[in-house]
Amino acid sequence: MILGFPDSRRQALAVVEALDARYGEVDAHRFPDGESKLTLPEIRGEHVVVFRSLHDPDRKLVELLLVTRALRNHGVKRLSLVAPYLCYMRQDCAFRPGEIVSQKIIGGFLAELFDDVVTVDPHLHRISRLEEAVPAKNPIVVPAAPLFARFLAYRPDQPLLIGPDAESEQWVSAIAKDSGLSFAIALKQRFGDRQVSVETPDVPVRGRSVVLIDDVASTGTTLMEVAARLREQGAEKIDALVTHPLFVENAVNKLLHGGISEIGSSDSIPHATNVVFLAPVLAETIRNGLDYNPNCD
């Protein structure tokens, strides 16, 4: 069965429909002191796929611990996590003495809970493979690039794709290859959560349409800085596509007022900007990568 939560219901049900699977949902009640009371639906079968995107992660991680322990006590032999957005991947090294490298700790925690961990374009910078961060038996990365490429392929203006920093090149280049569009990469220096310096690539943009591509957008500071430089250079239209739309602190309005015309995202996180929907590729991954057979339920 596919086991979901209220906060990921729409995405989970889309995957359930694609698989013709059985769906159950965890009932979550929050006590006044912040603790969670969770109730499982009827559980059948020895393999359960837990679907939950892990933005706003701290409460969700505790709830995953409670749910997985209870499922094991119910006799479930195999537990798979489908988390389109995987949290705590950005803190992958200690930048100052005493800083905790949360990527390894949270990755190890998830690997202890689940046999399989499926995610979409995790933010891996100083490592290249998901299993280095999440040492589960079967870690799987689902790329969103083909879906974004398909979304862009029909644009008549043939936009230039620009990644805001070196980390983005892996995603931008893949989208460019699949869509047949040109791309370039900017250079970024980060001085804090809300302060960055950006140097745009040495390519002509005057009179062109540009699409900024990034995997994660939180405050939107980086995208705003790149857009400002591109406007100075005469770009005609600037849009943005983001895999994981965290978008905190009124970021979307800031981006729109900062010169970005349209903002699109995947539904790895439910958001009003969702234009690319992951259910087909996630269902295919469950069907093939997890050897999923709905008749076994």
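All of the numbers you see were taken from the coordinates with simple rules; none came from a lab. All of these numbers come straight from a predicted model, not from anything done at the bench. Neighbour counts are summed over all protein chains in view; Cβ atoms, including those assigned to glycine, are modelled from backbone coordinates with ideal geometry.
Descriptive notes on the structure:
- Cα-projected label distance for E17 with N253, points at 7 Å along beta-carbon direction, nm: 3.2
- Model label points for V203 and E169, set 7 angstrom from Cα along the Cα-to-Cβ axis, are 1.3 nm apart.
- Of the chymotrypsin sites (Phe, Trp or Tyr not before Pro) in segment 1-104, the ones in a loop by DSSP (not H, G, I, E or B) with at most 16 other beta carbons within 10 Å are F95.
- When both bridge partners sit in segment 145-276, DSSP labels roughly 25% of those beta bridges antiparallel.
- Using alpha-carbon coordinates, inclination of helix 102-113 to the longest axis of the chain, degrees: 30
- Reach of K77 by Cα under 30 Å, taken over lysines that are not fewer than 8 positions away in the same chain: K37, K60, K104, K137
- Using θ = phi - 60° in the Karplus curve 6.51 cos²θ - 1.76 cosθ + 1.60, the 3J(HN,Hα) couplings for segment 154-166 round to 9, 6, x, 7, 6, x, 7, 8, 10, x, x, 7, 4 Hz; x is entered for Gly and Pro.
- Shape class of segment 76-218 from the alpha-carbon gyration tensor: oblate, with a/c at 1.5 or above and b/c at least as large as a/b.
- Taking the longest Cα principal axis of the chain as reference, the axis of helix 169-179 is set at about 80 degrees.
- Principal axis dimensions, largest first and in whole angstrom, of segment 145-276 by Cα: 35, 34, 25
- Angle between the chain longest axis and helix 9-19 axis [Cα atoms, degrees, rounded to 10]: 80
- Helical mean residue ellipticity (222 nm; -39500 (n - 2.57) per DSSP H run of 4+; nearest 500) of the chain: -9500 deg cm²/dmol
- With contacts taken as Cα pairs under 8 Å and at least 6 residues apart, the chain reaches a relative contact order of 14 percent.
- Amide hydrogen neighbours beyond the local backbone of V50, cut-off 5 Å, H modeled: L3, S80, L81, V82
- Antiparallel DSSP beta bridges within the chain, percent to nearest 5: 20
- Förster radius 22 Å - calculated FRET efficiency between R9 and E42, Cβ distance, rounded to 0.05: 0.80
- FRET efficiency for E236 and A272, using Cβ-Cβ distance with R0 set to 25 Å, rounded to 0.05: 0.50
- By the Stokes-Einstein formula, at 1.306 mPa s and 10 °C, segment 12-148 with its Kirkwood radius over alpha-carbon pairs has D equal to 98 µm²/s.
- Derived scalar couplings ³J(HN,Hα) [segment 71-83; Karplus, 6.51 cos²θ - 1.76 cosθ + 1.60; whole Hz; x for Gly, Pro]: 5, 4, 5, 7, x, 5, 8, 10, 10, 10, 10, 10, 10
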